[in-house]
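The values are calculated or read from the model by the stated rules, or taken from the named source; none is laboratory data. Since we're looking at a predicted model, the values are computed, not measured. Every residue, glycine among them, receives a Cβ derived from its backbone with ideal geometry; neighbour counts consider all protein chains shown. Protein only, heavy atoms only, side chains kept; ligands, DNA and RNA dropped before computing areas. Shrake-Rupley method; radii C 1.70, N 1.55, O 1.52, S 1.80 Å.
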Amino acid sequence: MKLEVFANAAEVASRAADILEGRIKTKPDIVLGLPTGSTPVGMYRELQRRCSAGQLSFEQVRTFNLDEYYPVSPDNECSYRYFMDTNLFCGIDIKRENTHVPAGNAPDIYEECLRYDAAIEQAGGIDLQVLGVGRNGHIGFNEPDSRLASGTHLTGLTEDTVQANARFFSSADEVPRQAVTMGLGGIMKARSILLLCTGKEKHRALHKLLEGEISTDWPVTMLNMHPDVTVLCDRDAYEKLYLGIDVGGMSIKYGVVNQSGMIYRFEETTDRSSAEQLLEQMTNTCRRITKQYTIAAVGISMPGRIALDGTVNRQSNLPFKGVDVRGYIEREVGVPTTLENDANAAAWGEYMASGEKGDMLMLTLGTGIGSGIVINGRIYRGSHGHAGEFGHMITHSGGRECGCGQRGCFEKYASVAVLIDSAQQAAAENPDSILAGYMGDKANGRSFFEAVAQGCPVAEKVLDTYITELKTGIESIKSIFDPKLVVIGGGISEQKDIFFARLSEACRGVDLRQAVLGNDAGMIGAADLAMRRCSDG
Ligand code: GLP
């Protein structure tokens, strides 16, 4: 099998037209097998263009279409005969009597099937069969089944195909449930086959074929038994896909990505009732996704201390302490899986998004302070996998007590939770201030910044103290690592003028950047790490 991968569907169409043009010029009375669907439309347009330009003639060409709905009359706008007339035949110099489509309104449809096969035979058989493929792997209308028919036959359509083809009708109810199609035996008799496969929807079908499997569940895989097949596909259909999962205390985010970006995203509420429940939830969703997409590797991002061997040593928001999450998902989903601390994964995602090559640190300001370090193009984990805990760097010796057992940790002075506490305290001490009006029970970072925006001096003072605390930490980090850039993540970093610009001003000499991936950083970073580890072998 020959495989050619192109950047997009337009390039596939033009290459397919080149192949057809070459074949027609070599054998002007060639017998072509033709498909319908949206995939070949670009190629048909290109052939019409070349024909109008006098570059190509279909005068002697004979065509046989793969299939037709049943029952349907040829002049029905949804029939494949009408499709071929309007998408190809009307714009080329082919003789109408040389074009063949099964008659979907034949009085005896079984008779029609036999007649159609005989007509192909009489024409000398098909020289070049062009094919598209359904997302469930059907070719023509040969649907996945335990048995596949050989000759042209009447067949039922699967619900998946009805839904996929509904776009050509006013509703799914209008799609005929039956069709006449050339059988696999007929298709395989063609002397050569050209398969066109474009779009992410076709990824799984294409990869089933490329994996070399032969199964009636994926009719397209039968082409693995044909001696002369050329596959033209675009990157969306071809490129390897990776699944990034970011498991948070509130929600789990899943993203399917390829080299060009995210092609599918899904989010669900985290079931934290037990490790078993949560693993089952993740496994079920992963299985659903891997049914739709062929995933080369999975990357999981999760809070907690994750040792170099993947053991979850410490975790507060999820029930995974001591659980082998990576091994479980890898076993149950059957795809190589990696696991990374969420702050590291987010740092990696932002590092990749920044396009910078130099060393980078990321601080995520939230309930605590998450952080990640990228040195020499790799996440720096330290000797036990626990490096980059800047939130627990001591900035106030003997200071406030921290949940980690130490005193005076950076996050006890510079997290957003602390900022809100300080604002609430200042509001209580200054009940007549503008700030007091904003810091009710449900107040959050945004309420605080609204008070700052109103010019409240009390809020200003709280913000000044907060920025000084952050500056202390960031400058210490800079002295140790001398990074190229420091990325600030968390909702607060979106307060551009009122917060981020002031922090940058305070930390002159440090290239501070706002995070750009928002809440998806961990998921995207995890998927990218999976991609890298997969290609590193
Ligand atoms: C229909 C046709 C197939 C075609 C498939 C894919 O079901 N019977 O021959 O390959 O659709 O269509 P599309 O190219 O629109 O994805």
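Numbers below:
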quantity: For the stretch 43-150, diffusion coefficient by Stokes-Einstein and Kirkwood Rh (Cα), 4 °C, 1.567 mPa s, µm²/s; calculated: 85
quantity: The stretch 454-537 - convex hull of alpha carbons, volume per residue in Å³; calculated: 107
quantity: Hydrodynamic radius of the stretch 206-315 per Kirkwood, over alpha carbon pairs, in Å; calculated: 16.4
quantity: Over 37 Å [Cα-Cα, the chain], rounded percent; calculated: 48
quantity: At most 13 other Cβ within 10 Å, DSSP loop - trypsin sites (Lys or Arg not before Pro), the stretch 498-531; calculated: Arg508
quantity: FRET E, pair Glu4, Arg115, Förster distance 41 Å, beta-carbon r, rounded to 0.05; calculated: 0.70
quantity: Computed [θ] at 222 nm, helices only, for the chain once each DSSP H run of length n ≥ 4 contributes -39500 (n - 2.57); calculated: -11000 deg cm²/dmol
quantity: Simple label model, 7 Å out from Cα along Cβ direction - Gln425 to Thr216, nm; calculated: 7.4
quantity: Dimensionless Rg/Rh of the stretch 357-517 - Kirkwood Rh, Rg from C-alpha atoms; calculated: 0.99
quantity: Loop GluC sites (Glu not before Pro), the stretch 168-238, which have at most 16 other Cβ atoms in a 10 Å radius of their Cβ (DSSP); calculated: Glu211, Glu213
quantity: Cα-based Rg of the stretch 2-238 normalised by 2.2 N^0.38 Å, two decimals; calculated: 0.93
quantity: Kirkwood hydrodynamic radius over Cα pairs of the stretch 417-500, then Stokes diffusion coefficient at 4 °C and 1.567 mPa s, in µm²/s; calculated: 95
quantity: Inter-probe distance in nm under a simple model that places probes 7 Å from Cα toward Cβ, at Ala53 and Arg96; calculated: 2.9
quantity: Percent RCO, i.e. relative contact order, over the stretch 260-328, from Cα pairs under 8 Å lying at least 6 residues apart; calculated: 26
quantity: FRET efficiency, Ser274 to Arg331 (Cβ-Cβ, R0 22 Å, nearest 0.05); calculated: 0.75
quantity: The chain - percent of accessible surface contributed by carbon and sulfur, probe 1.4 Å; calculated: 47
quantity: Segment Asp145-Arg265, length gained on full extension (0.36 nm per residue, minus Cα span); calculated: 40.2 nm
quantity: Antiparallel content of DSSP bridges confined to the stretch 357-517, in %, to 5; calculated: 55
quantity: DSSP-defined beta bridges in the chain - what % are antiparallel, rounded to 5; calculated: 45
quantity: Proximal charge balance of Glu201 [Cβ under 15 Å; K/R count +1, D/E count -1]; calculated: +4
quantity: Accessible area of the chain divided out per residue, in Å², using a probe of 1.4 angstrom; calculated: 44
quantity: Estimated dipole of the stretch 2-238 in Debye, rounded to 20 [Cβ of Lys and Arg +1, of Asp and Glu -1, Cα centre]; calculated: 660
quantity: Dipole of the stretch 2-238, positive direction: furthest Cα of Val133, Gly151, Ala53, with charges on the beta-carbon; calculated: Ala53
quantity: Distance between modelled label sites at Arg167 and Glu505, nm, 7 Å Cα→Cβ extension; calculated: 5.1
quantity: Partners for Lys27 among lysines (Cα-Cα distance below 26 Å; same-chain residues under 8 apart left out); calculated: Lys2, Lys95, Lys189
